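For reference, the structure discussed in these notes is given below.
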Amino acid sequence: MEKDSKIYIAGHTGLVGSALVRKFESEGYSNLITRSHSELDLAQQSEVEAFFGSERPEYVILAAAKVGGIWANNTYPAEFIYSNLAIQTNAIHAAWKTGVKRLLFLGSSCIYPRECPQPMKEEHLLSGPLEPTNEPYAIAKIAGVKMCQSYNRQYGTKFLSVMPTNLYGPNDNFDLETSHVLPVFIRKFHEAKIQKKDKVEIWGSGKPYREFLHVDDLADACLCLQSLDRSRYDSIINSFPPVINIGCGRDITIQNLAELVKKIVGYNGKIVNNMIKPDGTPRKLLDIAKASNLGWKPTISLEDGIRMTYDWCLSQSIF
């Protein structure tokens, strides 16, 4: 991949896409292609095919997706499965038709079974039942993995599926109903501090473990993958399945995460567990041996990353 290669970053205004733009621009890549949703609706096949036909990107990173936390996944399952299937199907097919050299399809660690051995290896895919609360989203992402694998097999494409762990950072969604657990905690504890509330409620027992990666570390991993020489890249494409996990290799209980966010925000009240609410999957720790063997490793600690994200929220008046 050259500095002037045409690189299409789908979903550039979101959490992952904006981090990718920051990273690639900082490394001197000068020919990034982006489109807002109003300019290009990836769920519309005709629009996607026209875009790929006219722009002819050489490299694609598919970071566009409909995402959300437990509440959103439970409430809007049809939207999650339809939107994600439509986006990825249109983009992957158009990438093949127009001869894209390499495509990174960004999935999620929720593709792995609910009771998956820990840490979760790439080969654990489809080895057991999924977590019910986000099954429609997970099935859509699994379909994307299999679509990339099928196109590689039949057409000789170089489409790689990247499975990040739970992500956070600038441009995250901080809505209390539709966002993931970490941005919810940041907002809840901040608002409780400002409003001088004596307690903050969190969902479930607090016992499940979760792994968190700052989105800038993921962007660095994606650049690393797109920059691999042909033999190393092909070795991943030819593995089974052609998937690579991206995480930090460490996890934390939801309860301890709440305590950490509480400390960083500077809230002095109590944490109360709502035991009626679901816990979700007991544990989701990724095995990142594949990525580590390529020489990549994360550099932002969880505490530093949360503090950076909170400072960004304050600077942008998010709350």
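The values are calculated or read from the model by the stated rules, or taken from the named source; none is laboratory data. The structure presented is a predicted model; accordingly, all values stated were derived computationally and were not measured. Only protein heavy atoms, including side chains, enter the accessible area calculation; ligands, DNA and RNA are left aside. Shrake-Rupley method; radii C 1.70, N 1.55, O 1.52, S 1.80 Å.
The table that follows gives values for the structure above.
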quantity	calculated
Whether the stretch 1-72 is rounded, prolate or oblate, judged on the alpha carbon gyration tensor where a/c under 1.5 counts as rounded	oblate
Rounded accessible area of Glu135 (nearest 10 Å², 1.4 Å probe)	80
Under the Karplus curve 6.51 cos²θ - 1.76 cosθ + 1.60, θ = phi - 60°, whole-Hz ³J(HN,Hα) for the stretch 96-110, x wherever Gly or Pro sits	5, 4, 9, x, 4, 6, 9, 10, 9, 9, 8, x, 7, 5, 6
Bins of 10 Å from zero: percent of alpha-carbon pairs in the stretch 220-312	12, 33, 28, 18, 7, 1
Gyration tensor verdict on the stretch 112-153 (Cα atoms; rounded if a/c is under 1.5, prolate if a/b is larger than b/c, oblate otherwise)	oblate
Accessible area per residue, Å², the chain with all protein chains present, probe 1.4 Å	44
Rounded to the nearest 10 Å², the accessible area of Glu39 at probe 1.4 Å	120
Long-range HN-HN contacts of Gly69 with modeled amide H, under 5 Å	Ser179, His180
Residues whose placed amide H lies under 5 Å from that of Lys284, excluding near-sequence neighbours	Tyr209, Glu211
Share of carbon and sulfur in the accessible heavy-atom surface of the chain [1.4 Å probe, %]	49
Note, ³J(HN,Hα) from phi for the stretch 84-95, Karplus 6.51, -1.76, 1.60, rounded to Hz, x at Gly and Pro	6, 4, 5, 4, 6, 4, 5, 5, 5, 5, 5, 4
Global form of the stretch 36-188, assessed from the alpha-carbon gyration tensor, a/c cut-off 1.5	oblate
Largest-first ordering by accessible area, 1.4 Å probe, given options Met163, Met308	Met308, Met163
Nearest 10 degrees, 0 to 90: helix 181-194 Cα axis against the chain principal axis	40
